[in-house]
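Engineer: Below you'll find the structure I mean.
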Protein chains: 2
Amino acid sequence: MQKEEKPLILVTNDDGITAPGIRHLIKIMNTIGEVVVVAPDRPQSGMGHAITISDNLYCDPVTIDKYSQIKEFSCSGTPADCVKIGAQEILRRKPDLCVSGINHGSNSSINVIYSGTMSAAVEAGVEGIPAIGFSLLDYSMEANFDHTTKFVKRITESVIKNGLPKGVVLNVNFPKVSDEKLKGVKVCRQANARWQEQFDKRQSPQGRDYYWLSGEFVNQDEGHDTDVEALEDNYVSIVPVKFDLTAHEFMNDLKSWSIHD
Amino acid sequence: MQKEEKPLILVTNDDGITAPGIRHLIKIMNTIGEVVVVAPDRPQSGMGHAITISDNLYCDPVTIDKYSQIKEFSCSGTPADCVKIGAQEILRRKPDLCVSGINHGSNSSINVIYSGTMSAAVEAGVEGIPAIGFSLLDYSMEANFDHTTKFVKRITESVIKNGLPKGVVLNVNFPKVSDEKLKGVKVCRQANARWQEQFDKRQSPQGRDYYWLSGEFVNQDEGHDTDVEALEDNYVSIVPVKFDLTAHEFMNDLKSWSIHD
C-alpha cells in the first residue's frame, strides 16, 4: 500500500492523552494508517456527550512518547470537543476513521450514555466519519491491554474495508482476561441494566453536607444476546450504536393521545 | 383529588435553578402535583449526559421565589446528577414523574445528544420514572413562555394518566411564536441534522492560540415527519426518545463480518 493510500485515522479517548489505553490504541493504529491524535489534556470520564460552549478551547501540539512521530494534540475540551476540533481544525481532510479509547473501564450496556469514550465515537458518526469506541473492563491504570491487540486491529480493518451504515458506530468492549481465555467476538445488543445509586453523605470541616456518588451496576436483562452476558462469558462484545434516539415503535400510540388540537 | 393522591413531581433543568424556564415549569407543575425541585446551581447547557464521579456534590435547600412553598434544592452537579440525587436522597419516595426544562433553546433533532435538559429526562427514564424534557426555541433569558403553558399541562397530565412504555421518555420542543400562531402538537421523529462546526481561532494576550466553538445547524433531512419541520411549521413537536441505542437493524450484517474466531 502506498503512503498516500493509507487511511487517515483520528484517535481520541476520555481518560486523557497520556493514559495507557490510548497509547496502546495509537500503537495499533500506527500499523494500519496515518494517525493524528486529538485527546483531552486530563481525564474526562463520565462526561457523556458534553461539549464546551461557554469557554474557549486550547488544542496544543505535544510529544508524549516514541509514537509521537505522529501528530498529537492535547485539548482542554471534552472527548466530543476533541472530535469536532480534530475534524474541523487540525486534520487536513476528513478522516477515514475515528477510534476512541481504549477506555479504562466498561462502556457496556447503559454505560454508553455516560461514556466520554462513546460520545467521541458518536460525535464522529454524526459528522459522517466511521467510528469505533473501544473499552476494557479494567479501571486500573496498570491494566493489561495485550489481549485486545488482535481484535482491535481486526475490527478496525473490517470497518475500513466494509464501512458502516450512516448513523451507526460501534461500541466494542473487552473482558478483563488473559489472551488464552478470550473466546472470540460476539455481536450483541445493549443490555437493559442501570446503576443503582447510593450517595455517601458526609460533612465538610465547615459543617456543610456534601455527597459522593457511588452505586452498584444492576443487570435487569434476562436475554442471552446482550453485551453484559457476552463479556461475562469472556467474549469481546460489539454493539452497533445509533444516535437516532426516536422510539419509532411508540409513535402511533402517542398519536392517539388526546394532546392534539 | 385528595392531597395524598397528588402525583409527586421532580423538576429539574440545565439552565440553572433560577432560570425563567424552570420557574415557569414549576408554576405549571404546582397546579398538577406535589413538586420537589432539584436543579443545578448554575447553567449546565451542553453538558450532555455528564455525571460527577471525581468530585463531591453539594445539594442545599434554597428559597427562590413565591413558589418556594415547595421544596427546592440547588445542586452543584449536572442535570443527570440532579435526578440521581433527587430520586435517591432528597425525595421520600420514587417520584411519579420527572420534568426537565423549560430549556432556553432548541433540543430538537441531534441536539438531544448534547442536551443537559434531555439527559435529565433520560436519566429519570433509566431509573424507571416517566419523564419529559421541555424546550423552547428561544435562547434569550427574556424568552416568553406564555404559549407553552397549555401544552405543558396537557402533555404532562397525559403522561401521568397514560404512563410511558419502559425505556421511553418524551422530548417536547416549542416554536418561538405567539399563542395564536401555535397550530397544535405533532408527534415526530428526530430529524437527521447536525452542527456544521466552525472554530474561531484567536490568540491570548500571552500569545497562545485558543478556539471558540461555533457553528451552523444544518438539516439534512428531507422527510416531512421530523421535529425540525414541525417546529418550522409552528407546531409543538413531541419525539419519543429511547436509550437503548442498539442499531438492531445492523446486527445481522455485522455478524457476517470476518471478525469472529
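Engineer: Would you kindly work out the equivalent ellipsoid of chain A from its C-alpha gyration tensor and give its semi-axes, the square roots of five times the eigenvalues, largest first in whole Å?
Structural biologist: For chain A, the semi-axes come out at 29, 24, 22 Å.
Engineer: I'd like the distance separating the alpha-carbon centroids of the stretch B:48-82 and the stretch A:190-207, in whole Å.
Structural biologist: 14
Engineer: Do you know the relative contact order of the stretch B:42-199, to the nearest whole percent, from alpha carbon pairs under 8 angstrom that are 6+ apart?
Structural biologist: Once normalised by length, the contact order is 23 percent.
Engineer: What's the average, rounded to a whole number, of partner chain beta-carbon atoms within 10 Å of each residue's beta-carbon in B:195-205?
Structural biologist: Mean number of neighbouring Cβ atoms from other chains: 3.
Engineer: What pairs from A:Lys153/A:Lys242; A:Lys255/B:Lys183; A:Lys176/A:Lys242 go past 19 Å between their alpha carbons?
Structural biologist: Cα-Cα > 19 Å for A:Lys153/A:Lys242; A:Lys176/A:Lys242; rest within.
Engineer: Averaged over A:212-224, how many beta carbons belonging to a partner chain fall within 10 Å of each residue's beta carbon?
Structural biologist: 2
Engineer: Put a label point 7 Å from Cα along the Cβ direction on B:Lys71, then list its distances to the equivalent points in the other copies in nm, shortest first.
Structural biologist: Sorted ascending, the copy-to-copy spacings read 5.5 nm.
Engineer: Counting only residues 5 or more places away or on other chains, whose amide H sits under 5 Å from the amide H of B:Val236 once H atoms are built in the peptide plane?
Structural biologist: B:Lys183, B:Gly184, B:Val185, B:Lys186
Engineer: Under the Karplus relation 6.51 cos²θ - 1.76 cosθ + 1.60, θ = phi - 60°, what is the ordered set of whole-Hz ³J(HN,Hα) values for the stretch B:246-256, x standing for Gly and Pro?
Structural biologist: 4, 7, 3, 5, 9, 5, 5, 4, 5, 5, 7
Engineer: Quick check: convex hull over the Cα atoms of the stretch B:95-159, volume per residue in Å³, rounded to an integer?
Structural biologist: Here the figure is 88 Å³ per residue.
Engineer: Could you line up B:Thr117, B:Thr156 from fewest to most neighbouring Cβ atoms inside 10 Å?
Structural biologist: Ranked by crowding around the Cβ, least crowded first: B:Thr156, B:Thr117.
Engineer: So, one more: Per-residue HN-Hα couplings for the stretch A:54-59, Karplus 6.51 cos²θ - 1.76 cosθ + 1.60 at θ = phi - 60°, whole Hz, x for Gly and Pro?
Structural biologist: Here the 3J(HN,Hα) series is 10, 9, 7, 10, 9, 8 Hz.
Engineer: Just tell me which aspartates and glutamates come within less than 14 Å, Cα to Cα, of B:Lys166; anything on the same chain fewer than 8 places away is out.
Structural biologist: Answer for B:Lys166, where 14 Å is the Cα cut-off: A:Asp221, A:Glu249, A:Asp253, B:Asp96, B:Glu123, B:Glu127, B:Asp244, listed by chain and number.
Engineer: Determine the percent antiparallel among the DSSP beta bridges restricted to chain A, to the nearest 5.
Structural biologist: The antiparallel proportion sits near 40 percent.
Engineer: Mind checking A:181-192 for the average number of partner chain beta-carbons within 10 Å of each residue's beta-carbon?
Structural biologist: 4
Engineer: Once you've got the Cα coordinates, tell me which of A:Lys6/A:Lys94; A:Lys94/B:Lys201; B:Lys71/B:Lys161 are over 22 Å apart.
Structural biologist: As for pairs spanning more than 22 Å Cα to Cα, those are B:Lys71/B:Lys161.
Engineer: What are the distances, in nm and sorted shortest first, from the label point of B:His248 to the label points of the same position in each other copy, with each label point placed 7 Å from Cα along the Cα-to-Cβ direction?
Structural biologist: Label-point separations across copies, in nm and ascending: 1.0.
Engineer: So, one more: If packing is taken as the average number of other Cβ atoms within 10 Å across a peptide's residues, how do B:166-178, A:208-220 rank, most packed first?
Structural biologist: Most protected by this proxy first, the peptides run B:166-178, A:208-220.
Engineer: Cα convex hull of the protein assembly as shown: mean projected area in nm², to one decimal?
Structural biologist: Spelled out: convex hull of the Cα atoms, projected over all directions, averaged, 25.7 nm².
Engineer: Order of B:His260, B:His49 from fewest to most other C-beta atoms within 10 Å?
Structural biologist: So the ranking, lowest neighbour count to highest, is B:His260, B:His49.
Engineer: Output wanted: per-residue J couplings in Hz (rounded whole) for the stretch B:135-147, from phi through Karplus 6.51 cos²θ - 1.76 cosθ + 1.60, θ = phi - 60°, x for Gly and Pro.
Structural biologist: Running phi through 6.51 cos²θ - 1.76 cosθ + 1.60 with θ = phi - 60° gives 9, 10, 6, 8, 6, 5, 6, 9, 4, 9, 9, 3, 6 Hz.
Engineer: Would you please name the GluC sites (Glu not before Pro) within the stretch B:142-212 that are DSSP coil residues with at most 11 other C-beta atoms within 10 Å of their C-beta?
Structural biologist: The qualifying sites are B:Glu142.
Engineer: Moving on to the next point. Report, in debye and to the nearest 20, how large the dipole of chain B comes out about its Cα centre when Lys and Arg carry +1 and Asp and Glu carry -1 on their Cβ.
Structural biologist: Rounded to the nearest 20 debye, it is 700 debye.
Engineer: Taking amide H atoms as placed 1.01 Å from N in the peptide plane, list the residues 5 or more away in sequence, or in a different chain, whose amide H sits under 5 Å from that of A:Ala131.
Structural biologist: A:Cys98, A:Leu170
Since every read-out is calculated from the coordinates, none of them should be taken as a lab result. Computed from a predicted model, the values in this text were never measured in an experiment. Don't worry about glycine lacking a Cβ; one is built from the backbone with ideal geometry, like all the others, and counts go over all protein chains shown.
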